[in-house]
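Undergrad: Sharing a structure below in structure tokens format, with a few things to ask.
The values are calculated or read from the model by the stated rules, or taken from the named source; none is laboratory data. Worth saying up front: this structure is predicted, and the values here are computed from it rather than measured. Heads up, the Cβs are rebuilt from the backbone with ideal geometry, glycines too, and the neighbour counts pull from every protein chain shown. In case anyone asks, the SASA skips ligands and DNA or RNA and just uses the protein heavy atoms, side chains included. Shrake-Rupley method; radii C 1.70, N 1.55, O 1.52, S 1.80 Å.
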Amino acid sequence: MPANEASKPLVFVTRPIAEQALTELAGFARVDLWDDEMPPPRAVLLERIAHADAILTLLTDRIDAPVIAAAPRLRVISNLAVGVDNIDLDAATRAGVAVGHTPGVLTETTADLAFALLMAAARRIVEADSYTRQGRWRTWGPRLMLGRDVFGATLGIVGWGAIGRAMARRAAGFSMRVLYTTRERKPAGKPHRHNKAEVPGARRVALDELLRESDFVSLHVPLTPETRAMLSAREFRAMKRGAILINTARGEVIDQRALYEALASGHLGGAALDVTSPEPIAPDDPLLTLPNAIVTPHIGSASHATRLRMAQIAVANIRDALAGRLPAYCANPAVRLREPT
Ligand code: NAP
Ligand code: GLV
């Protein structure tokens, strides 16, 4: 290896990301790539992170306190996601390790998917497609595949951040009535990067009112101790009969078993989930037996352009931290960066 190459910082990249971003990274770092679709096993992660100055992670990599403790040179954990629930933020902050993430750039793409799921569940698109492929379409039927109107319905948005508001803007185009909840108290010093512009007509209400009034409920909160199992049997009972739940946030935000029961009993009209608990969902999960449940494999931000932009931001976050600056998109801005060793 040429001498100038050996002096570059070492970055462990836990999966192949957009080629262009890897090339950008290789311009200022030695890249140690785990070239596999599946996450590195824990033993491999611990071994490879031991020498790394930075790590580029996915949301399926669990970066907990023991992993951080095994990385004495580490200065930044750069997550290719906006959510950072896979990382122990407190342990990273204590160790002087910045945590980068990719907010903003994936907002519209994820809201597109959330709205597509809403439409698909309302109009039974997945079920209707299967019906056609199974050769069951015999004639036009006045009672065939009846669904729910989206136009003019009430949408309840839980989590009034970047994606929640982007969802509300889409709903406005369908003349939906929009209700939203947000938390009463915010943690001190939390940065707000997203567009806080109001969405005309949207009304803030308490969660119980939102559940009672909404024809569609869409979840957009991060996974935190406060939001874990935020919607459980009681909340599903409080929802309108026939209402539809959309979850593109995190699977653990709902009690999945309770959701199954609410759907199977006929109380809820449908659910469309891009996130489950666990991920991937078990093939024998009872939810997958229900025709009124749609499950996609966590593809909210999965467009070519957005995934490239996310990878470029993840690389830029690493560049910042290795240059001794807080990453432009930092999930633990109170961190005091550790000195290079
Ligand atoms: P964001 O802009 O930070 O919005 C999250 C919102 O949730 C914030 O407004 C926050 O309030 C609010 N919130 C936090 N705790 C709450 C609580 N207990 N009750 C009510 N509201 C609460 O984040 P985002 O970019 O919209 O992303 C939201 C989440 O979507 C991510 O964390 C991630 O888990 C998920 N996501 C999934 C996909 C996918 O592929 N399916 C893609 C992107 C994101 P404050 O304003 O007070 O902080
Ligand atoms: C995806 O789930 C993300 O948090 O970016």
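Undergrad: Looking for whichever is closer than 16 Å to Ser214 by Cβ and within 16 Å of ligand 2 (Cβ to nearest atom) here; the options are Ala272, Ala238. Which one fits?
TA: Of the residues listed, the single one that is closer than 16 Å to Ser214 by Cβ and within 16 Å of ligand 2 (Cβ to nearest atom) is Ala272.
Undergrad: What single numbered condition from (1) without any contact (Cβ under 8 Å) to a residue 60 or more places away in the chain; (2) under 23 Å from the mean Cα position of the chain (by Cα) fails to hold for Ala52?
TA: (2)
Undergrad: As an exercise: evaluate Tyr180 against (1) over 24 Å from Leu245 (Cβ atoms); (2) in contact with a helix residue (DSSP H, G or I) (Cβ under 7 Å, 6 or more places away or on another chain) and give the number of the one condition it does not meet.
TA: (1)
Undergrad: Report yes if some residue within the stretch 39-47 is within 16 Å of ligand 2 (Cβ to nearest atom) and closer than 22 Å to Ile313 by Cα; otherwise report no. Steps first, please.
TA: Narrowing the stretch 39-47 to residues within 16 Å of ligand 2 (Cβ to nearest atom): 39.
The next check asks that each one be closer than 22 Å to Ile313 by Cα; those that pass are 39.
Within the stretch 39-47, one or more residues are within 16 Å of ligand 2 (Cβ to nearest atom) and closer than 22 Å to Ile313 by Cα.
Undergrad: Here's a follow-up. Select, from Pro200, Pro283, Pro222, the only residue that is assigned to a loop (DSSP other than H, G, I, E, B) and within 15 Å of ligand 1 (Cβ to nearest atom).
TA: None of the other options fit; the residue is Pro222.
Undergrad: Name the single residue, out of those in the stretch 1-44 being among the hydrophobic types (A, V, I, L, M, F, W, C) and within 23 Å of the chain's Cα centre (by Cα), that is most open to solvent (accessible area, probe 1.4 Å). Can you show your working first?
TA: Residues of the stretch 1-44 among the hydrophobic types (A, V, I, L, M, F, W, C): 1, 3, 6, 10-13, 17-18, 21-22, 25-26, 28-29, 31, 33-34, 38, 43-44.
In the following step, the residues that additionally are within 23 Å of the chain's Cα centre (by Cα) were identified as 12-13, 17-18, 21-22, 34, 38.
Numbers: Phe12: 1, Val13: 0, Ile17: 23, Ala18: 32, Ala21: 0, Leu22: 23, Trp34: 55, Met38: 118 Å².
My answer is Met38.
Undergrad: Taking strands (runs of 3 or more DSSP E) that do not extend beyond the stretch 1-106, which have at least 3 residues that are not β-branched (Val, Ile, Thr)? I'd like the intermediate steps shown before the answer.
TA: Details: elements: 10-13, 30-33, 54-57, 76-79, 98-100.
Filter on the stretch 1-106 gives 30-33.
Undergrad: Sticking with this one: Just give me the residues in the stretch 307-326 being open to solvent by less than 40 Å² (accessible area, probe 1.4 Å) and either over 20 Å from the mean Cα position of the chain (by Cα) or assigned by TED's automatic domain parsing to the domain that holds Phe236 (or both), in sequence order.
TA: Ile318, Asp320, Ala321, Leu322 - these are the residues of the stretch 307-326 that are open to solvent by less than 40 Å² (accessible area, probe 1.4 Å) and either over 20 Å from the mean Cα position of the chain (by Cα) or assigned by TED's automatic domain parsing to the domain that holds Phe236 (or both).
Undergrad: If we scan the stretch 208-218, do we find a residue that is in contact with a helix residue (DSSP H, G or I) (Cβ under 6 Å, 6 or more places away or on another chain), part of a loop (DSSP other than H, G, I, E, B), more than 15 Å from Met167 (Cβ to Cβ) and at pLDDT 95 or above?
TA: No, every residue in the stretch 208-218 fails to be in contact with a helix residue (DSSP H, G or I) (Cβ under 6 Å, 6 or more places away or on another chain), part of a loop (DSSP other than H, G, I, E, B), more than 15 Å from Met167 (Cβ to Cβ) and at pLDDT 95 or above.
Undergrad: Let me ask something additional. Here's a check for you: in the stretch 268-280, which residue that is open to solvent by 40 Å² or more (accessible area, probe 1.4 Å) and touching a helix residue (DSSP H, G or I) at 6+ places or on another chain (Cβ under 7 Å) is nearest to ligand 1 (Cβ to nearest atom)?
TA: The residue in question is Glu279.
Undergrad: Scan the stretch 92-114 residue by residue and report those that are hydrophobic (A, V, I, L, M, F, W, C) and either crowded, with 22+ Cβ neighbours inside 10 Å or under 29 Å from Gly164 (Cα atoms) (or both).
TA: Ala92, Val97, Ala98, Val99, Val105, Leu106, Ala111, Leu113, Ala114
Undergrad: Look through the stretch 148-178, keep the residues that are more than 16 Å from ligand 1 (Cβ to nearest atom) and among the basic types (Lys, Arg), and return whichever of them is farthest from Ala121 (Cα to Cα).
TA: Among them, the one singled out is Arg177.
Undergrad: Follow-up question, since we're still on this one. Exactly one condition in (1) under 30 Å from Pro333 (Cβ atoms); (2) open to solvent by 20 Å² or more (accessible area, probe 1.4 Å); (3) more than 14 Å from ligand 2 (Cβ to nearest atom); (4) out of contact with any His (no Cβ under 9 Å at 6 or more places or on another chain) is not met by Arg73; state its number.
TA: Failed condition: (4).
Undergrad: Taking the conditions exactly as written (outside any helix (DSSP H, G or I), more than 15 Å from ligand 2 (Cβ to nearest atom) and under 30 Å from Ala262 (Cβ atoms)), does Pro297 satisfy them or not?
TA: No, not satisfied.
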